[in-house]
């Protein structure tokens, strides 16, 4: 029994340390086969973390959303250069789903587009600059050029963000390893026959150690993430 518990703890630690990578079957690089349940469950866990704004899945989703906004801005500038009116160009370049949904509805129903862009900027901060450009240039010349400049600036900021992500990969990996070391310690203790898991869950000192360890681990992971997010917000 102790060997089974130790193996389960070690497997959990190794599974959580596996870096995320594109699915080879989706890319057509590997034959389709049945994977172990742990391999099938890992993408679901990462997707759930992404939905609550935690982990690499969340960062990939945010990066994809920013890339969609940049492409939409470039398309909007191109549509304006082609001779479309600003309102029609805004609707046609918004994408599916729309990267500026409130502004698209305002354009279709005759509302205030700049004010709607300000509301959309809550999810995509670069749209606040688009709103400013719209207020200045929607009824005059130069809107396409200003939007193209906004897109270029956002693209440069994204390049810096990608470089920063590469620099932060090492510290984030170290934080994950340190957070999972308790699982490795429990597995080794169980393999040596000391049964630390039983002591943690059945004795008062064990409860205190377990609570303190969980709190300190959570605070360490939160602090590491907070440092990275604070750097990203400056871009």
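The values are calculated or read from the model by the stated rules, or taken from the named source; none is laboratory data. Values in this document were obtained by computation on a predicted structure and should not be read as measured data. Using ideal geometry, Cβ is built from the backbone for each residue, glycine included, and neighbour counts are taken over all protein chains shown.
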Next item on the list: Determine which member of the set 144, 131, 152 is without any contact (Cβ under 8 Å) to a residue 24 or more places away in the chain and buried (at least 16 other Cβ atoms within 10 Å of the Cβ).
Entry: 131
Margin query: Considering only region 152-160, I want to know if a residue exists there that is more than 23 Å from the chain's Cα centre (by Cα) and at pLDDT 90 or above.
Written below: no
Notebook entry, point to check: When only residues in region 113-124 that are in a loop (DSSP other than H, G, I, E, B) and within 17 Å of residue 76 (Cα to Cα) count, which is nearest to the chain's Cα centre (by Cα)?
Noted result: 124
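Here is a check on your reading of the model: is residue 119 assigned by TED's automatic domain parsing to the domain that holds residue 86 and touching a helix residue (DSSP H, G or I) at 6+ places or on another chain (Cβ under 7 Å)?
Values: assigned by TED's automatic domain parsing to the domain that holds residue 86: yes; touching a helix residue (DSSP H, G or I) at 6+ places or on another chain (Cβ under 7 Å): yes.
Spelling it out, residue 119 is indeed assigned by TED's automatic domain parsing to the domain that holds residue 86 and touching a helix residue (DSSP H, G or I) at 6+ places or on another chain (Cβ under 7 Å).
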Check: Do you know which of the residues in region 173-188 that are surrounded by 13 or more Cβ atoms within 10 Å (Cβ to Cβ) and free of Cβ contacts under 8 Å to residues at least 60 places away in the same chain is farthest from residue 229 (Cα to Cα)?
Finding: 185
